[in-house]
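Trainee: Below you will find the structure I want to go over with you.
The values are calculated or read from the model by the stated rules, or taken from the named source; none is laboratory data. Given the structure is predicted, the values throughout are model-derived calculations rather than measurements. No Cβ is skipped: glycine too gets one built from the backbone with ideal geometry, and neighbour counts run over all protein chains shown.
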Amino acid sequence: MSDFVRIRIYNVGLGDCILVSVPGVKREKHILIDFGSTRGKNKEYLERVKDHIIETVNSDPLAIVLTHGHLDHFKGLYHFIDEFDKITSVFLTTKYLRTPETRRLGTREGPVLRALDERLERLKVLVDQGNLDDESMKLASERLTTDEMIDRLCKRLGSRVRYLDRESRVVLAKFLAGTMAKAHILSPEPSEESYLRFAFGKPLENKGIGGGLILKKIRDKIANRSETSFRELLMREREYDNATSLVILLNWRGKRVLFAGDAQESSWKTMYDNGLLEPIDVLKVAHHASHNGTPVDHPDIWSKMIGSKKPIFLVSTYPRKDWGMPSRDLLQRLESTGMVYSTEELEGSPAFIDIEI
Ligand SMILES: [Zn+2]
């Protein structure tokens, strides 16, 4: 048995695609964390990435983790699901994906999520009527496409879909049985309340969550015909999808690797408040190294994560000037703290970085 876990981070343009290979007593076990892309890489290239993954995994067990329902994290998987289907033993995703199919499979359904569904219905009407400005139209179509694709993907996977949150302890542990690796889920929180706290902040400090202020706020926005308010809602929704990314801590012989999805400031704060953060050896930097994905400006949080050793930072990014991505400031901070490996300038087809711990 090899002594090392290999973490392979593919260049997929803007998106994440990470293959973690864990030695086991009998055979290797692999976890594919996201396989998405939205910019910079065409379908033929992604096809080569897919072939490369399938070849690497061969007949070993593979679990797929979908950190959150954004295209840059699942579009590749969506296109090639039939080929992954043969070898996928488990499929894991967050329960906060709101589509008819995921609900049927057991997504929590509180009043707020129902209000968001009303929003979806109304969105469809507005899009059909062509009643939105260009920017809102773009956001709305993206939202509808994303929901529809996730829905089809989940239908395709059927009962293999498991929804994970901080309290789901068994699923990954079961998958990793027969290896010396342990995995813990640090985020998202199991309750709908905390999910919405990410999105709407303050009002949740008041009592009356669910049926109270938040619900009213969302309903008001939905009822409001103003395009600005719609746009704001859609943009917030996109943000809080990120903030409820699955965050997974992999422990290998005392070394800690944190896969942070697209976690944002609020998720780090919650993990910190829950006492879940410990010094890391490797961090898959969240949200493609944008300015709001890594808590470097929160000394209390950051010092919990950075111990005495110099960690490795894995960055999966694609330059987008309009979003200030990746943040050069952040990259500099990371370089002064540890070792940075980024997909940005990688060459090859497919191109990837391997690290072993
Ligand atoms: Zn992303």
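Trainee: Which one of these does residue 32 not meet: (1) modelled with pLDDT of 95 or more; (2) farther than 26 Å from residue 141 by Cα; (3) away from the ligand (no atom under 16 Å from the Cβ)?
Mentor: Checking residue 32 against (1) modelled with pLDDT of 95 or more; (2) farther than 26 Å from residue 141 by Cα; (3) away from the ligand (no atom under 16 Å from the Cβ), the one that fails is (3).
Trainee: Within segment 114-128, is there a residue that is outside any helix (DSSP H, G or I) and either within 16 Å of residue 246 (Cα to Cα) or at pLDDT 70 or above (or both)?
Mentor: no
Trainee: If the requirement is being more than 11 Å from residue 153 (Cα to Cα) and among the aromatic types (Phe, Trp, Tyr), which of these qualifies: 74, 80, 84? Working first, answer last.
Mentor: Working: 74 fails: more than 11 Å from residue 153 (Cα to Cα); 80 fails: more than 11 Å from residue 153 (Cα to Cα).
Of 74, 80, 84, the one residue that is more than 11 Å from residue 153 (Cα to Cα) and among the aromatic types (Phe, Trp, Tyr) is 84.
Trainee: Regarding segment 318-330, can at least one residue be identified that is at pLDDT 95 or above, surrounded by fewer than 19 Cβ atoms within 10 Å (Cβ to Cβ) and farther than 23 Å from residue 266 by Cβ?
Mentor: Yes: segment 318-330 contains one or more residues that are at pLDDT 95 or above, surrounded by fewer than 19 Cβ atoms within 10 Å (Cβ to Cβ) and farther than 23 Å from residue 266 by Cβ.
Trainee: Further question on the same structure: Quick one: how many residues across segment 1-17 are away from the ligand (no atom under 16 Å from the Cβ) and among the polar types (S, T, N, Q)?
Mentor: First pass over segment 1-17, keeping only residues away from the ligand (no atom under 16 Å from the Cβ): 1-8.
After this cut, where a residue has to be among the polar types (S, T, N, Q) as well, the list is 2.
Within segment 1-17, residues that are away from the ligand (no atom under 16 Å from the Cβ) and among the polar types (S, T, N, Q) number 1.
Trainee: Within the set of pairs 6 or more residues apart or between chains, which connect a residue that is among the polar types (S, T, N, Q) inside segment 15-41 to a residue that is within 14 Å of the ligand (Cβ to nearest atom) and assigned to a strand (DSSP E or B) with Cβ atoms less than 7 Å apart?
Mentor: 37/14; 38/14
Trainee: Which of (1) within 19 Å of residue 171 (Cβ to Cβ); (2) surrounded by fewer than 20 Cβ atoms within 10 Å (Cβ to Cβ); (3) at pLDDT 70 or above is the odd one out, the single condition residue 71 does not satisfy?
Mentor: In the conditions (1) within 19 Å of residue 171 (Cβ to Cβ); (2) surrounded by fewer than 20 Cβ atoms within 10 Å (Cβ to Cβ); (3) at pLDDT 70 or above, residue 71 misses (1) alone.
Trainee: Can you tell me which residue within segment 56-68, out of those that are within 22 Å of the chain's Cα centre (by Cα) and not β-branched (Val, Ile, Thr), is farthest from the ligand (Cβ to nearest atom)?
Mentor: 61
Trainee: Answer yes or no as to whether residue 281 is buried (at least 23 other Cβ atoms within 10 Å of the Cβ), charged (D, E, K, R) and touching a residue at least 40 places away in the same chain (Cβ under 8 Å).
Mentor: Details: buried (at least 23 other Cβ atoms within 10 Å of the Cβ): no; charged (D, E, K, R): yes; touching a residue at least 40 places away in the same chain (Cβ under 8 Å): yes.
In short, no.
Trainee: Among the residues of segment 168-182 satisfying the criterion of being β-branched (Val, Ile, Thr) and outside any strand (DSSP E or B), which is surrounded by the fewest Cβ atoms within 10 Å (Cβ to Cβ)? Steps first, please.
Mentor: Going through segment 168-182, the residues β-branched (Val, Ile, Thr) turn out to be 170-171, 179.
From what is left, the residues that are outside any strand (DSSP E or B) are 170-171.
Values: 170: 8, 171: 16.
Applying the filter and picking the extreme gives 170.
Trainee: Given the criterion at pLDDT below 90 and away from the ligand (no atom under 16 Å from the Cβ), identify the matching residue among 53, 81, 87. Walk me through how you get there before you give the answer.
Mentor: Numbers: 53 fails: at pLDDT below 90; 81 fails: at pLDDT below 90.
Of the residues listed, the single one that is at pLDDT below 90 and away from the ligand (no atom under 16 Å from the Cβ) is 87.
Trainee: Before we move on, is residue 164 exposed (fewer than 15 other Cβ atoms within 10 Å of the Cβ), in contact (Cβ under 8 Å) with a residue 12 or more places away in the chain and not small (Gly, Ala, Ser)? Walk me through how you get there before you give the answer.
Mentor: On the way: exposed (fewer than 15 other Cβ atoms within 10 Å of the Cβ): no; in contact (Cβ under 8 Å) with a residue 12 or more places away in the chain: yes; not small (Gly, Ala, Ser): yes.
No; evaluated as a whole, the condition is false for this residue.
Trainee: Suppose the filter is more than 13 Å from the ligand (Cβ to nearest atom) and at pLDDT 95 or above; does residue 27 pass it? Before the answer, list the steps.
Mentor: Values: more than 13 Å from the ligand (Cβ to nearest atom): yes; at pLDDT 95 or above: no.
No, not satisfied.
Trainee: Give the residues of segment 42-65 that are in contact with a helix residue (DSSP H, G or I) (Cβ under 6 Å, 6 or more places away or on another chain) and touching a residue at least 40 places away in the same chain (Cβ under 8 Å), sorted by residue number.
Mentor: Restricting attention to segment 42-65, the residues satisfying the condition of being in contact with a helix residue (DSSP H, G or I) (Cβ under 6 Å, 6 or more places away or on another chain) are 46, 50, 63.
Within segment 42-65, 63 is the sole residue that qualifies.
Trainee: Right, something else. Taking residue 20 as the residue in question, decide whether it is more than 14 Å from the ligand (Cβ to nearest atom), within 18 Å of the chain's Cα centre (by Cα), modelled with pLDDT of 95 or more and surrounded by 17 or more Cβ atoms within 10 Å (Cβ to Cβ). Break it down stepwise before answering.
Mentor: Working: more than 14 Å from the ligand (Cβ to nearest atom): yes; within 18 Å of the chain's Cα centre (by Cα): yes; modelled with pLDDT of 95 or more: yes; surrounded by 17 or more Cβ atoms within 10 Å (Cβ to Cβ): yes.
When the stated conditions are applied, residue 20 passes them.
Trainee: Sticking with this structure for a sec: What number goes with the only condition from (1) crowded, with 16+ Cβ neighbours inside 10 Å; (2) of a type outside the set (S, T, N, Q); (3) modelled with pLDDT under 95 that residue 39 does not pass?
Mentor: (1)
Trainee: Something else now. Name the strands (runs of 3 or more DSSP E) wholly within segment 1-46 that hold at least 3 residues that are within 18 Å of residue 346 (Cα to Cα)? If you could, list the steps in order and put the result at the bottom.
Mentor: On the way: elements: 6-10, 17-22, 29-35.
Where strands (runs of 3 or more DSSP E) fall fully within segment 1-46 and carry at least 3 residues being within 18 Å of residue 346 (Cα to Cα), they are 6-10, 17-22.
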